[in-house]
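The values are calculated or read from the model by the stated rules, or taken from the named source; none is laboratory data. Treat the numbers as computed from the prediction; the structure is a model and nothing was measured. A quick note on method: Cβ atoms are made from the backbone with ideal geometry, for glycine too, and the neighbour counts reach across all protein chains shown. What goes into the accessible areas is simple: the full protein's heavy atoms, side chains included, and nothing from ligands, DNA or RNA. Shrake-Rupley method; radii C 1.70, N 1.55, O 1.52, S 1.80 Å.
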Amino acid sequence: MSNLELGFWSFPVLLLMVFLRAPIGLAMLLCGFAGWYFAMGGNPNVLLNKLKSETYTQFSSYSLSIIPMFLLMGQFATLSGMSSALFKAAESFLGHRRGGVAMASVGACAGFGAICGSSLATAATMSKVALPELRRYGYSGGFSTATLAAGGTLGILIPPSVILVIYAILTEQNIAKLFLAAFIPGIMAALGYMLTISLYVRLYPDAAGTRPPQPMSERWAALAETWPVLVIFGLVVGGIYLGWFTPTEGSAIGAAGTGLVALLSGSLNWAVFRDSLFGTARTTAMIFFIVLGASFYNSFLALSGVPQFMADWVLAQGFSAWFVLSVILVFYLIFGCLMDSLSMILLTVPIFFPVIAAMDFGMSPEHLAIWFGILVLIVVEVGLITPPVGMNLFVINAMDRQTPMTETYKAVLFFVGSDIVRVIILVMFPAITLFLLPG
């Protein structure tokens with residue numbers, strides 16, 4: 001069997017292992033091991049040398065240190081009460097409108113995503129704060145859980161984002177520019193979800209209750225409580241864009257800032273600090289193991305020649321660049337329902353990116369890579385809330401056992417529709433994504 005055939009056969013084997021519930025990192029690592037072993041004629045010494053060199057090469061990367069820092073930043077943000085302050089501020093301004101408490105949940109998710117960087121963490125944290133309020137004001141269970149599941153996806157789109165860091169490393173792009181490019185699509189996502197809520201409560205008036213408006217003085221007082229979020233987000237993201245420090249340094253400053261806020265709020269003691277470090281270490285270890293497995297598997301695919309073969313084959317067929325992009329995005333939409341976003345990015349970008357890079361979209365290679373990365377991130381994000389296996393749906397449903405999953409499925413389809421419209425707009429008008437980039 002040729003190396004190319006080995007590469008193609010590794011895909012069904014990998015998918016079979018994933019469907020048999022093997023951890024995705026382990027599945028990719030084993031497929032990479034087996035691929036290298038057979039490609040090298042069964043020589044174990046080459047395999048062991050590859051394991052040593054690949055592990056060192058991956059984890060000696062300075063850029064990867066940004067991941068535990070952003071994760072620790074999210075841990076401290078969860079503890080410091082920032083999520084409650086964000087929700088109360090948004091609720092005070094929006095809560096009296098039709099569907100306003102749900103809109104406030106989305107707004108709070110967007111704000112929390114700006115200091116968290118994780119979709120699942122954003123969904124889980126905001127659910128603890130917002131679900132009781134939604135119940136209190138008569139919002140239906142399915143509508144409430146669907147809103148929070150959709151709002152949670154903003155955690156991986158609004159910068160800083162761990163997934164964008166991984167994409168930047170895979171494609172050798174500038175992390176700060178990717179953060180900048182994600183800003184407008186992130187705002188579009190939040191506004192799109194709010195419009196979806198407005199439409200939903202008009203179609204189903206019984207799905208949302210009402211609450212009395214708050215005095216303006218109380219609104220401004222609630223908004224003033226969110227100053228730590230504004231300061232930390234402005235310092236981290238603004239500092240990166242202005243060149244005061246690198247993204248890695250910015251992540252450390254953000255973690256220190258949120259830790260200080262948690263300490264000053266009285267919610268950070270030694271036990272909580274220790275739990276935050278352990279939680280960050282566990283999540284970092286999980287991510288790094290997936291990164292190692294993906295690196296080993298992708299290096300085998302590069303050895304087999306599969307990415308280059310696919311790029312050459314697509315070009316030889318004469319398909320238009322826009323058709324190829326559409327097929328790839330549909331693939332992400334389908335498989336994003338079955339796999340987590342990090343695994344999808346690590347597994348597929350090394351295969352699809354060379355195909356996209358070889359095609360003519362009328363823009364520079366750097367702009368093409370950044371635009372494609374934002375599109376991929378959005379479509380993978382849609383997979384997190386697409387039935388039947390959207391991961392955010394299960395996270396939220398686990399926190400609200402009273403609501404049948406079928407009710408959440410019905411309501412979340414409105415948010416999926418909003419996401420698909422947003423993807424179409426960003427595909428048709430790349431300038432929206434690239435507008436803030438210099439040059």
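Details
- Across the stretch 62-201, the volume of the C-alpha convex hull divided among the residues equals 95 Å³ per residue.
- Cα-based helix-to-principal-axis angle, 119-136 vs the chain, degrees rounded to 10: 20 degrees
- Whole-angstrom gap from the stretch 370-417 to the stretch 1-34, using each part's C-alpha centre: 27 Å
- For C109, the solvent-accessible surface with a 1.4 Å probe is about 0 Å², rounded to the nearest 10.
- Gaussian network model of the chain, springs between alpha carbon atoms under 10 Å - residue of Q402, Q58, Q308 with greatest fluctuation: Q402
- Residues of the stretch 274-308 with amide N under 16 Å of the 7 Å Cα→Cβ point at L4: 301-308
- Helix axis angle, 141-152 relative to the chain longest principal axis, alpha carbon, degrees: 60 degrees
- Principal-axis tilt of helix 270-304 within the chain, Cα atoms, nearest 10 degrees: 30 degrees
- Computed over the stretch 126-259, the Cα gyration tensor eigenvalues convert (square root of 5λ each) into semi-axes of 33, 20, 13 Å, ordered from largest to smallest.
- Ranking by accessible area, most exposed first, for W220, W36 with a 1.4 Å probe: W220, W36
- Summarising the overall dimensions of the stretch 75-119 from its C-alpha atoms, the Rg and Dmax are 10.7, 33 angstrom.
- Spherically averaged projected area of the chain from its Cα convex hull (nm²): 22.0 nm²
- Given in Å, the Rg to one decimal and the Dmax to the nearest whole number for the Cα atoms of the stretch 1-66 are 13.7, 41.
- For the stretch 1-28, the residues whose backbone nitrogen is under 13 Å from a point 7 Å from the Cα of F38, taken along Cα to Cβ, are 1-14.
- Exposed loop sites, defined as trypsin sites (Lys or Arg not before Pro) outside DSSP H, G, I, E and B with at most 12 other Cβ atoms within 10 Å, are absent from the longest region of the chain, namely 22-400.
- Debye-sum result for the stretch 32-138 in log10 I(q)/I(0), which assumes one identical scatterer on each alpha carbon, at q = 0.14, 0.18 Å⁻¹: -0.64, -0.83
- Radius of gyration and maximum dimension Dmax of the stretch 302-439, Cα, Å: 16.9, 54
- Remark: the stretch 204-307 projects, on average over all directions, an area of 13.9 nm² (convex hull of Cα atoms).
- Average accessible surface area per residue within the chain, 1.4 Å rolling probe, Å²: 42 Å²
- Estimated translational diffusion coefficient (Stokes-Einstein, Kirkwood radius over Cα pairs, 10 °C, 1.306 mPa s) of the stretch 202-246: 113 µm² per second.
- Ordering L86, T171, F59 by the projection of their Cα atoms onto the charge dipole of the chain, which places +1 on the Cβ of Lys and Arg and -1 on the Cβ of Asp and Glu, puts L86 at the extreme positive end.
- For the stretch 28-34, 3J(HN,Hα) per residue [Karplus equation, 6.51 cos²θ - 1.76 cosθ + 1.60, θ = phi - 60°, Hz, x = Gly/Pro]: 5, 5, 5, 5, x, 4, 5
- Over the stretch 156-225, the pair-distance histogram of Cα-Cα distances with 10 Å bins from zero comes to 17, 24, 29, 21, 9, 0 percent, rounded to whole numbers.
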